[in-house]
Structures are given as C-alpha cells and as structure tokens.
1. Those residues that are within 14 Å of the ligand (Cβ to nearest atom), part of a loop (DSSP other than H, G, I, E, B) and of a type in the set (A, V, I, L, M, F, W, C), I need them from the range 405-461; list them, please.
2. Taking the criterion of being buried (at least 23 other Cβ atoms within 10 Å of the Cβ), away from the ligand (no atom under 14 Å from the Cβ) and not in a loop (DSSP other than H, G, I, E, B), would at least one residue in the range 256-266 satisfy it?
3. Looking at the range 227-241, is at least one residue part of a helix (DSSP H, G or I), out of contact with any Lys or Arg (no Cβ under 6 Å at 6 or more places or on another chain) and at pLDDT below 95?
4. With respect to residue 252, determine if the residue is touching a Pro at 6+ places or on another chain (Cβ under 9 Å) and among the charged types (D, E, K, R).
5. Only one residue in 360, 410, 371, 438 is touching a Ser or Thr at 6+ places or on another chain (Cβ under 8 Å) and not hydroxyl-bearing (Ser, Thr, Tyr), so which one is that?
6. Output the residues belonging to the range 233-253 that are small (Gly, Ala, Ser) and within 14 Å of the ligand (Cβ to nearest atom).
7. Only one of 479, 458 is under 19 Å from residue 533 (Cα atoms), among the hydroxyl-bearing types (Ser, Thr, Tyr) and touching a Lys or Arg at 6+ places or on another chain (Cβ under 6 Å); which?
8. Can you pull out the residues in the range 543-556 that are away from the ligand (no atom under 12 Å from the Cβ) and either farther than 24 Å from residue 276 by Cα or open to solvent by 40 Å² or more (accessible area, probe 1.4 Å) (or both)?
Amino acid sequence: MAGENGLSFTEFSKFCSELEKISSTLELTAKISEFLQRLRDDDIYNFCLFITGKIYPQWDEREVGVGVGLIYEALRLTTGLKRNKIEEYVRDTGDLGLASELALKRKLQTSLFTEELTLSYLRYVFDSMSSLSGEKSQKKKIRMLVDLFSSASPIEARYLTRLLLGEMRLGVGEGILRDAIAKAFGVDSSIVERAYMVTNDFGKVAIIAKKEGEDGLRKLKITPHTPVRMMLAQVAESPESAINDIGESAVEWKFDGTRVQIHYADGKVTIFSRRLENVTHALPDVVEMVKKSVESGVILDGEAVAMKDGKPLPFQHILQRFRRKHDVAKAMEKTPIEVNLFDILYCKNRTSDAGEVIDLPYTERRRLLELVVKSNNGIRIAKSHLTSDPNEVRRIFENAINAGHEGVMLKKPDSPYIPGKRGKNWLKLKEVMETLDLVVVGGEWGEGKRSHLISSFTLACIDENQELIPVGRVATGFTEEDLEELTELLKPDIEVEEGKKIVFRPKYVFEVAYQEIQKSPKYESGYALRFPRFVRLRDDKDIHEADTIERISKLYESQFSSNR
Ligand code: AMP
C-alpha cells in the first residue's frame with residue numbers, strides 16, 4: 001500500500017475518517033489490524049502512536065509544543081482567513097480539527113511550497129520542532145506549521161491539527177490498539193498487554209510482535225529509564241471489609257502527595273509521574289537524594305510529599321513543583337520534598353535474573369527495598385505493618401490522618417506487582433468525602449479587579465460514548481493565587497472566546513466537592529451540582545480518568561438511600 005516514501009498522510013487521514021464512522025469496538029479492531037499488516041516497520045511505529053494522538057510515547061521528554069494558539073496563527077497565515085472566521089468554524093463544529101479542514105477548503109491563498117506528506121516526513125518535522133528552543137522557536141514552529149498546512153489537503157489538516165493537539169477523536173484507545181496488534185500478528189492479547197505495560201511504547205511492541213512473535217514479546221523486560229505502568233488500588237469500604245477481602249494485610253500509610261517512579265542506573269536518575277511523564281528536570285533535589293541514599297541499578301515506587309515543619313503541605317504544592325520548568329531552585333527552597341518509598345520493580349545487583357522483580361511477592365520486594373536504600377536522608381521507606389486485626393488497621397489509619405496524610409493502604413503480602421492493574425491486591429482506605437473529578441471544558445473571565453483572571457469554570461463528566469458532557473460550574477474554593485496559576489496554566493488551551501465566555505480544549509481535571517447532586521435541565525448531563533467547591537487540580541489525572549455520568553447517577557441515587 002505504501003509508496004516509496006512509506007505511508008502517505010492522505011491515506012492515513014482517509015483511514016482515520018473511516019474509523020470515525022465506526023462505533024463497534026470489534027470492527028475498529030479488525031480494521032486497524034488489517035491496516036497494520038500492510039505497513040512497513042517504520043510506518044508501523046508512527047502509525048501506532050499517531051492513531052492514538054501521540055507523537056512520542058508519553059514518557060519521552062520530547063514534545064512538539066504546539067498548542068491551540070500556534071495552530072490558529074499557522075492556519076491564518078496559510079489560508080489568509082481572519083482568526084475570528086476560524087473561531088466561527090470552531091464554534092460551528094466544536095473541534096479545531098474540523099475547523100482546520102473547513103479553513104483549508106476556504107483557503108484564499110495558493111501555496112507556493114508543497115511537499116508530499118508521509119508519516120515519516122511528519123516524524124522528521126515533529127522531531128525538528130521538538131528540538132527547537134530559545135527565543136525564535138515559536139516563529140520557527142509557525143513557519144514549519146505553515147509549510148505543513150500548505151502541503152495538506154483539507155482532510156489531512158483535520159487530522160494534522162488533532163494529532164498536534166493529542167486528541168484524534170476516533171474512539172481508538174489502548175485496548176483496541178492492543179487487540180489490533182495481537183490480531184494482526186497472531187499473538188495473544190495478554191502478551192501484548194504485558195509487553196506494553198513494561199515498555200509503554202505500542203510502536204515498539206507492534207514491531208516486535210511482527211518480527212519475533214510471542215517469544216520476542218515475552219523477552220521484553222523492565223529496563224531502567226523506561227517507565228512501567230503503576231500498580232493501582234481499589235477502594236475498601238472499611239477495615240473489616242478490607243481484611244475480609246485479603247486476609248492478613250501489610251498496612252502502610254497512604255501518603256498525601258504524588259506518585260513517583262524513580263529509576264537509578266548507569267549513573268543517571270530518571271523520575272516519572274503517575275501519568276508517566278518524565279519529571280526529572282523539576283526535581284533536582286530528589287535526584288541528589290537518590291544518588292546519595294540509594295544503591296544503583298534499581299527502579300523504585302513511592303510517593304513524593306511536600307513537607308514543611310514535619311507536616312505535609314497540601315497536595316497542590318507538590319504539583320506546583322512537578323509543573324515547574326523555570327525557577328526550579330526557588331521552588332525547591334519554598335517546597336522541600338520528601339520521598340516515601342513503598343515498592344521496588346527492578347533490582348539489578350541483588351537478583352540472579354535480568355533484574356525484574358515484579359513477580360516476587362510483596363514481602364520479598366520489601367526485603368530488597370530495605371537492602372537498597374542506605375540512609376533516610378529525605379528518602380525513606382514507608383513503614384509496613386502486618387496485621388489481620390481491623391482495630392489495628394483503624395489505629396494505623398488514625399495515626400496517618402493525625403500526621404496529615406490520607407489514610408492507609410492494605411496490601412496482600414504474597415502478591416506480585418502487576419503494572420497498570422487496579423486490583424484487589426492493593427486496597428485503599430480514605431476519609432470519606434465524596435468528591436468528583438471533572439474535566440474543565442469552559443470558563444469565564446472575572447469582573448473588575450479579577451478581569452484578568454479566569455474565575456469560573458465549566459466542568460464536564462464522561463458519558464457512555466466517551467464524550468464530555470457538562471455537569472456544572474465552579475466559582476468558589478479558589479484562592480487568588482489558585483486563580484492566577486490556573487489562568488496561566490489554562491490560557492494556552494483557550495479554543496474560543498466570546499465576550500467573557502471561554503471554551504477550552506479539554507486537558508485538565510479538577511477535583512470538586514459539592515453539597516448535593518440535583519437533576520437539572522440546565523446542563524447536558526441532566527444533573528447539576530449544588531454549591532460546588534474547587535478542591536484541587538488533579539494534574540496527575542488524564543481527562544479520560546475523569547468521573548463518568550454513571551458514577552454521578554449512582555451518587556445521585558445514593559443521596560436518597562443514605563440518612564442525610
Ligand atoms: P488514589 O489516587 O486515591 O487512587 O490512590 C492511589 C494513590 O495513592 C497511588 O497512586 C499513590 O500515589 C498514593 N499512595 C500514597 N501512599 C501509598 C502507599 N503506601 N502505597 C501505594 N500508593 C500510595
């Protein structure tokens with residue numbers, strides 16, 4: 001199918017538009033699997049990333065750094081249309097991708113420069129963009145984007161924009177891609193899954209599936225500096241129910257911070273966030289602590305907590321440290337970090353195997369953890385307490401809350417570490433406060449003194465079709481500082497502005513508390529929140545991890561059954 005230069009972006013775009021019309025998971029899987037079989041290796045790699053809206057694997061530090069603003073500017077220059085015309089298209093279609101397509105159809109200017117767009121050519125341009133830095137980089141990026149849009153047909157523009165913004169809107173998630181790779185190359189889906197959990201790179205997994213089959217995939221092991229999906233916990237209702245579920249448990253504090261996966265090998269430390277973003281640059285203090293206190297050749301799992309005077313600072317502080325690109329030293333001074341380690345995934349020097357230790361039981365892994373952490377200089381091992389007594393669990397829970405943390409985790413002592421799994425081997429017990437994690441889709445500029453700040457936000461949940469539907473608006477619970485930071489953070493994702501009203505490209509999740517859920521025709525979801533209050537930015541959550549309409553409807557129902 002591919003020409004001499006590999007798969008053309010026209011063909012890729014046509015394929016995407018076919019997928020967009022399909023809603024059946026099976027059909028999507030079959031189509032993608034068929035398509036994959038016909039591709040060259042380098043196209044397989046790019047295809048697997050692009051089809052899910054990624055240019056690099058999530059953990060790769062490189063990023064093209066093209067937001068909504070640059071796309072508007074490039075479209076304006078390519079087509080000769082005014083920005084407000086393009087904004088009108090966004091309002092009509094609800095999508096900058098479709099708006100780009102329309103803009104190219106109405107193009108006023110003819111292109112002087114055109115290049116055949118192939119996946120490998122796009123890869124080349126994206127790599128060049130991601131290597132740009134410094135003052136002139138924005139201008140250069142715009143020029144490169146103009147070249148791309150000038151060479152693109154309208155339908156290519158639709159998918160180029162969506163790819164740059166990381167949201168293809170095809171309904172192709174990781175599960176579908178995993179099954180399509182398995183089907184295309186005749187390998188078992190669970191083996192593809194495991195290979196993906198340890199490499200987090202579908203492109204690489206697909207190529208190995210094709211060339212070496214199941215044997216090759218099985219050989220893929222955890223390696224330092226490539227992140228591993230984190231193991232997650234299920235909610236426990238009470239100490240009794242948790243002990244009932246897993247029997248004797250290892251009880252640890254549930255620290256109120258944010259997850260870190262720390263890799264230390266070959267003289268280098270790399271730190272990944274829960275979303276597998278490389279956050280090493282923001283945490284030079286942690287890097288130093290690790291080098292001083294930990295044996296090399298390890299991958300460790302833990303929770304980073306911002307501390308002041310022996311107490312954890314609110315979760316928000318630690319996220320501010322993670323997001324910091326400039327003035328890292330200042331932030332370090334303001335918000336010192338402590339790391340509480342609770343697991344080990346790889347240990348090169350103390351095992352006979354290749355170093356991977358995730359299949360060892362929890363107690364064995366803890367033993368290794370104790371061996372590789374030499375001192376507790378800002379880095380310590382979370383205490384673990386074996387018990388099958390619910391009252392003992394309750395006591396540890398109280399201690400954790402008194403120390404300013406969230407609750408406790410109960411872990412099954414003989415369980416392996418299963419990457420990416422939210423299972424019953426880990427249970428979490430938290431103080432009860434039902435909050436919702438919702439996606440910010442709109443907002444409004446403030447009045448008077450606050451006119452430079454976005455001071456209210458429209459929030460959405462996820463419906464059965466994975467679409468975002470509004471459930472409410474939050475305007476309280478923010479400090480002035482919160483609003484300043486949020487305005488700064490969200491500004492680049494403004495898609496349309498009309499007077500004071502804003503439409504955002506969905507990217508961020510807010511945790512909100514509320515007094516009650518009500519039925520209401522005001523929002524598309526049919527529900528509304530009474531007295532919603534901002535709790536925190538869930539920067540560690542992807543929009544796809546936000547709460548669903550199903551959960552909201554359950555919470556709504558439960559209001560009648562509870563004794564309030
Ligand atoms: P949640 O975010 O409420 O689903 O809770 C799971 C999170 O708790 C993990 O992703 C960790 O970031 C955090 N956590 C804090 N302490 C621990 C611990 N001792 N073991 C595992 N996870 C922990």
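The values are calculated or read from the model by the stated rules, or taken from the named source; none is laboratory data. Remember, it's a predicted structure, so these values are computed and weren't measured experimentally. No Cβ is skipped: glycine too gets one built from the backbone with ideal geometry, and neighbour counts run over all protein chains shown. When the accessible area is computed, the model is the full protein with side chains, heavy atoms only, and any ligands, DNA or RNA have been set aside. Shrake-Rupley method; radii C 1.70, N 1.55, O 1.52, S 1.80 Å.
1. Scanning the range 405-461 gives 418, 432, 433.
2. Looking for residues that are buried (at least 23 other Cβ atoms within 10 Å of the Cβ), away from the ligand (no atom under 14 Å from the Cβ) and not in a loop (DSSP other than H, G, I, E, B), one finds at least one in the range 256-266, hence yes.
3. Checking the range 227-241: at least one residue is part of a helix (DSSP H, G or I), out of contact with any Lys or Arg (no Cβ under 6 Å at 6 or more places or on another chain) and at pLDDT below 95.
4. Spelling it out, it is not the case that residue 252 is touching a Pro at 6+ places or on another chain (Cβ under 9 Å) and among the charged types (D, E, K, R).
5. Matching residue, one of 360, 410, 371, 438: 410.
6. 233, 236, 242, 249, 250 - these are the residues of the range 233-253 that are small (Gly, Ala, Ser) and within 14 Å of the ligand (Cβ to nearest atom).
7. Criteria check complete, one pass: 458.
8. Listed by number, the residues that qualify are 544, 548, 549, 550, 551, 552, 553, 554, 555, 556.
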